[in-house]
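*Asks:* Okay, here's the structure, questions in a sec.
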Amino acid sequence: MKFSVLRLSLGIVVPLVFSLLFVKLMPKETAMPKTYEIFGVKIHKNPNQSKLTELGVTTWPKHESGPTKIPWSFKAEETMYLVEGKVKVTVEGSVGSFEIGAGDLVVFPKGMNITWEVIEALKKHYSLKK
Ligand SMILES: *[C@@H]1O[C@H](CO)[C@@H](O)[C@H](O)[C@H]1NC(C)=O
Ligand SMILES: *[C@@H]1O[C@H](CO)[C@@H](O)[C@H](O)[C@H]1NC(C)=O
């Protein structure tokens with residue numbers, strides 16, 4: 001009797017502890033893909049230093065901005081690397097919105113119209129495709 005109760009509780013408790021440990025130990029990055037595309041915008045979260053060097057990000061022009069909300073139209077494909085801050089991007093035509101922020105490498109396609117809302121003071125490098 002005692003034995004089967006023990007076995008039963010072990011049968012529940014052990015898998016439970018293991019699954020909790022598993023959830024806890026899983027790095028956050030695996031839950032969220034490192035690179036993804038939303039509304040045709042490509043987002044690469046926290047690219048490594050070699051990727052940034054390969055692109056020459058630090059040689060790109062810099063742009064800084066405080067909180068603001070403006071309509072924006074991408075006349076050319078633009079790749080940007082956000083060093084600091086947070087921006088809410090709303091795609092024209094009620095398509096939807098998403099946020100980008102520090103550590104993100106983002107590519108906006110040519111011809112896209114958005115509302116660009118800086119939520120936290122922004123520092124970025126950008127490169128326009130010729
Ligand atoms: C850096 O990231 C790129 C992909 O973005 C990957 O191909 C490369 O192996 C990474 N390099 C290092 C040193 O982790
Ligand atoms: C974006 O806005 C411009 C005018 O500023 C317009 O000519 C163009 O068709 C718009 N593009 C899209 C995809 O709606």
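*Asks:* Which of the residues that make up region 37-51 are touching a residue at least 40 places away in the same chain (Cβ under 8 Å) and within 15 Å of ligand 1 (Cβ to nearest atom)? Talk me through it step by step, then tell me what you get.
*Replies:* First, the residues of region 37-51 that are touching a residue at least 40 places away in the same chain (Cβ under 8 Å): 38-47, 51.
Lys42, Ile43, His44, Lys45, Asn46, Pro47, Lys51 - these are the residues of region 37-51 that are touching a residue at least 40 places away in the same chain (Cβ under 8 Å) and within 15 Å of ligand 1 (Cβ to nearest atom).
*Asks:* For region 77-125, give me the residue count where each residue is farther than 16 Å from Gln49 by Cα, among the aliphatic types (A, V, I, L, M) and either modelled with pLDDT under 95 or within 16 Å of ligand 1 (Cβ to nearest atom) (or both).
*Replies:* Summing the residues that are farther than 16 Å from Gln49 by Cα, among the aliphatic types (A, V, I, L, M) and either modelled with pLDDT under 95 or within 16 Å of ligand 1 (Cβ to nearest atom) (or both) in region 77-125 gives 2.
The values are calculated or read from the model by the stated rules, or taken from the named source; none is laboratory data. If you're wondering where the values come from, they're calculated on a predicted model, not measured in any experiment. With ideal geometry, Cβ positions are generated from the backbone for all residues, glycine too; neighbour counts draw on all protein chains shown.
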